[in-house]
C-alpha cells in the first residue's frame with residue numbers, strides 16, 4: 001500500500017514536453033508523410049529504427065519540401081494537441097464504477113495488487129484484439145527458465161544445417177555456442193512438390209531455413225481475388241521469422257515448388273537465442289543506411305527489408321572486392337575503410353580512376369545495366385568493412401531508387417572514358 005503523488009495537468013504537460021514529444025511529433029510527421037496502409041506495423045518498425053536514432057540523439061535527416069514539411073508538422077501538432085487534451089482532460093468517464101486518477105487521489109491510498117491485476121487483464125485483452133505484439137517480459141509476464149530442445153540428428157545432418165545457417169545473416173553472426181544450440185534444436189522437415197508449408201493468416205510457431213529445394217511465396221491482398229507472387233526461396237533462405245518476432249499471423253503463403261528439405265526452429269529457442277541478436281543487427285544497419293544519401297527517402301519498412309538482406313564482408317589491404325570484366329552479382333556499401341577503382345590500360349598497366357571512402361557505394365552499374373564490371377575495386381586501407389546486397393535483392397528492394405542510381409552513375413563518366 002502506498003500513496004500516489006498528486007499530479008497536476010501542468011505536471012503531465014511538462015512530462016509530455018520533456019519525454020514524449022521528441023518521439024511523438026516526428027512519428028506523427030512520418031505517418032502523415034508516408035500514409036502507410038498498416039499503421040501499427042509502421043509504428044513498430046519506426047520505434048525500432050528511427051525511434052532508436054532519436055533516443056541516441058542522432059536522428060536521420062529526411063529532406064522534404066519546406067512548405068510540405070511545415071504543413072505536415074502543423075497537422076501533426078494539431079493531432080498531438082488534441083490527443084494530449086483528451087488524455088489530460090477526459091470527458092465524462094464511460095462508467096461510474098471505473099475510478100479516474102482524480103478519484104484515486106481523493107481517496108488517498110489504493111490497492112497496488114488490485115491495480116496490477118487490472119492492468120494485466122487490460123494487457124491480455126489488448127493482445128487478443130490486436131493479434132500482434134512483441135514478447136515482453138516483466139511483472140505481468142515472467143520469463144521462465146529456458147531449456148532448449150535437443151532433436152536427435154546424424155553428424156552429417158548437423159554439418160549440413162551448420163553449412164546452411166552460415167549462408168544467412170540471421171545465424172551467421174551468432175556465437176559458436178549459440179549456433180550449436182540452434183543446430184541441436186532444429187527439426188528436419190520433408191515436403192513434396194505443391195505441399196503447403198505456411199498458410200496466410202495462420203498463427204506462427206516456428207521459422208524455416210531452406211536446406212534443399214525451392215519454394216514459392218504468394219500473398220492474397222485485400223480486395224483482390226487472386227494471389228500475388230512475391231518471391232522464391234532457395235537454399236539458405238529463411239522465412240517465417242516475422243510471425244515469431246512480432247507475434248503476428250503469417251503474412252503470406254509458402255508452397256514447395258519441388259521436393260524440399262527444411263530445417264525448422266521453434267519459437268522459444270528463436271526468442272531466447274536469435275531474436276535479440278537480429279533486432280540489434282537491424283538497428284545497427286538501419287543507422288548505417290541512414291548515412292547513405294541515396295537511401296534517405298526510403299521509408300522505415302523499406303529500410304528494414306534491406307537490413308535483413310545485407311551481408312557483412314571484411315577485406316584486407318590489397319584485396320580485390322570486385323574484378324574488372326567479371327559478372328556483377330553484388331552491390332556494396334562501405335561501412336569503414338577506403339578503396340580505389342582501377343582500369344586496365346592498353347599497355348597492360350592499371351590506372352586509378354576513382355576513390356571510395358566510408359558511406360560510399362559501388363557495384364551498382366553492372367546490376368543496373370546487366371553488364372560486366374567496368375573496373376577493379378581494391379582495398380587501400382588496412383581494413384575495409386562493407387555491407388553487400390545480392391543482385392536479386394538489389395533489384396527487388398532498390399526499385400524505388402533505380403532512377404536515382406542511374407542518374408548518379410554519371411559521376412563515373414569522366415573517369416570511365418578517355
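Some observations on this one:
- Listed by position, the helices (runs of 4 or more DSSP H) enclosed by region 352-412 that each have at least 2 residues that are in the same structural domain as residue 340 (by TED's automatic domain parsing) and surrounded by fewer than 14 Cβ atoms within 10 Å (Cβ to Cβ) are 402-408.
- Boolean, residue 25 is surrounded by 14 or more Cβ atoms within 10 Å (Cβ to Cβ), under 24 Å from the mean Cα position of the chain (by Cα), modelled with pLDDT under 75 and in a helix (DSSP H, G or I): no
- Taken over region 211-225, residues that are more than 18 Å from residue 164 (Cα to Cα), part of a loop (DSSP other than H, G, I, E, B) and modelled with pLDDT of 95 or more amount to 0.
- Selection count where residues are in contact with a strand residue (DSSP E or B) (Cβ under 9 Å, 6 or more places away or on another chain) and under 19 Å from residue 249 (Cβ atoms), scope region 216-230: 8
- In region 290-308, of all residues being in contact with a strand residue (DSSP E or B) (Cβ under 8 Å, 6 or more places away or on another chain) and farther than 16 Å from residue 385 by Cα, the one that is surrounded by the fewest Cβ atoms within 10 Å (Cβ to Cβ) corresponds to 294.
- Residues satisfying the stated conditions in region 151-198, i.e. under 25 Å from residue 279 (Cα atoms) and assigned to a loop (DSSP other than H, G, I, E, B): 166, 167, 168, 173, 174, 175, 186
- Residues in region 304-323 that are farther than 20 Å from residue 406 by Cα and either modelled with pLDDT under 80 or not in a strand (DSSP E or B) (or both): 304, 305, 307, 308, 309, 310, 317, 318, 319, 323.
- Residue within region 336-352 that is in contact (Cβ under 8 Å) with a residue 24 or more places away in the chain, within 27 Å of residue 298 (Cα to Cα) and in contact with a helix residue (DSSP H, G or I) (Cβ under 7 Å, 6 or more places away or on another chain) present: no
- Just one of (1) closer than 27 Å to residue 282 by Cβ; (2) touching a strand residue (DSSP E or B) at 6+ places or on another chain (Cβ under 6 Å) fails for residue 353. It is (1).
The values are calculated or read from the model by the stated rules, or taken from the named source; none is laboratory data. Computed from a predicted structure; not experimentally measured. Cβ coordinates were reconstructed from backbone atoms using ideal geometry, including for glycine residues, and neighbour counts include every protein chain displayed.
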